Amino acid sequence: MKARLCVGNYATNAYCFESLGLMVYCMEELAYCLKQHAFLLGTEIMSDELLHFIGSDCQVPDLARELYPMVHQKGTLSDFVTSILDYVGFFEEAEVREIEDAVRLGSGLTDYEKKKRQADHLMEKKKYHAAIEAYDKLIEEMGEEAERDTKKASFVADLYFNRGVVYAHMFLYKHAAASFRISYDWKKDPETIKNYFLARRMELPQQEYVALMAKHPECYEISMQIEKNMQEVGEKWNASESGMGLENMRSWRMTGDNHKYYSECDQMINTIQEEYRNYI
């Protein structure tokens with residue numbers, strides 16, 4: 001573990017990020033807050049109040065002077081944030097650049113769009129439980145507004161669709177199907193209904209799925225495309241490193257090579273456990 005010296009003093013008076021509902025008392029807390037909420041940051045944080053907190057309350061006048069022109073000469077939000085992060089030195093260079101990219105992505109978006117981007121980012125990082133919570137919270141916030149606004153209705157449909165994708169990644173196909181169905185009710189997108197039936201294909205026993213599709217003859221072409229996609233995915237899996245590794249494990253078990261078999265089992269279990277910890 002790499003030791004780091006704290007920058008400046010621990011302030012008596014906290015700085016409040018009103019848009020985030022958070023308070024920070026030192027430079028390290030400020031840096032951590034900027035990292036955790038990079039997608040939600042707006043130019044409102046580029047203020048004399050924050051400069052005063054940094055320069056006077058935390059006793060880091062050099063950084064406050066460096067930031068002053070950015071506040072008063074319309075500097076960019078990403079430069080403002082990365083200047084703070086670079087000075088504090090709390091994160092590695094690669095992590096700072098990742099935060100900088102997140103700030104740029106969030107610039108110019110509405111509050112709803114920023115929050116969706118944050119949820120999307122959690123999904124991409126495989127933080128699936130956190131992503132679902134973020135989508136659910138945003139859906140609740142949109143509330144009745146979406147029912148009166150076509151554009152917002154489309155936005156809500158996208159939220160439900162992405163939530164369905166997250167559930168599918170977690171192999172919770174019943175929940176995925178429900179999310180895709182609601183998304184389709186909000187916006188009649190052919191890709192969404194295809195994903196709905198694909199989730200049902202993964203969820204249901206073969207006989208029940210066939211019975212379901214028999215009730216929807218209008219979706220015959222979709223069902224044929226799903227079966228073709230399933231076959232292609234199966235072929236890719238068999239040819240992949242993971243697929244061939246599983247085939248090797250079957251071979252080792254059949255031939256009695258227990259050392260190789262159990263060694264590979266242990267490695268696979270450790271990988272799955274690590275992925276699960278990341279999900280939650």
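The values are calculated or read from the model by the stated rules, or taken from the named source; none is laboratory data. A quick note: this is a predicted structure, and the numbers were derived from the prediction, not measured. Here Cβ is always computed from backbone atoms with ideal geometry, including for glycine, and neighbour counts include all displayed protein chains.
Here M46 fulfils each of the conditions (1) buried (at least 19 other Cβ atoms within 10 Å of the Cβ); (2) modelled with pLDDT under 95; (3) in contact with a strand residue (DSSP E or B) (Cβ under 8 Å, 6 or more places away or on another chain) apart from (3).
Only one residue in I54, I45, I99 is of a type in the set (V, I, T) and over 30 Å from V156 (Cβ atoms). Which one? So that I can check it myself, show each step before the final result.
Working: I45 fails: over 30 Å from V156 (Cβ atoms); I99 fails: over 30 Å from V156 (Cβ atoms).
I54 is the lone residue from the list that is of a type in the set (V, I, T) and over 30 Å from V156 (Cβ atoms).
For region 141-179, filtered to residues that are within 14 Å of the chain's Cα centre (by Cα) and among the β-branched types (V, I, T), the residue that is surrounded by the most Cβ atoms within 10 Å (Cβ to Cβ) is V166.
Does any residue of region 124-137 turn out to be surrounded by fewer than 16 Cβ atoms within 10 Å (Cβ to Cβ) and over 16 Å from the mean Cα position of the chain (by Cα)? Checked region 124-137: no residue is surrounded by fewer than 16 Cβ atoms within 10 Å (Cβ to Cβ) and over 16 Å from the mean Cα position of the chain (by Cα).
Listed here are the residues, each with its yes/no results for (1) more than 21 Å from the chain's Cα centre (by Cα); (2) surrounded by 13 or more Cβ atoms within 10 Å (Cβ to Cβ); (3) not basic (K, R).
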residue: D62; (1), (2), (3): yes, no, yes
residue: E66; (1), (2), (3): yes, yes, yes
residue: M70; (1), (2), (3): yes, yes, yes
residue: Q73; (1), (2), (3): yes, no, yes
residue: S83; (1), (2), (3): yes, yes, yes
residue: D86; (1), (2), (3): yes, yes, yes
residue: G89; (1), (2), (3): yes, yes, yes
residue: L105; (1), (2), (3): no, yes, yes
residue: L109; (1), (2), (3): no, yes, yes
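Counting only helices (runs of 4 or more DSSP H) that fall entirely inside region 92-197 and contain at least 2 residues that are among the polar types (S, T, N, Q), the qualifying elements are 150-169, 173-186. Considered as a group, the residues in region 1-33 that are of a type in the set (A, V, I, L, M) and closer than 18 Å to D62 by Cβ include one that is modelled with the lowest pLDDT, and that residue is L5.
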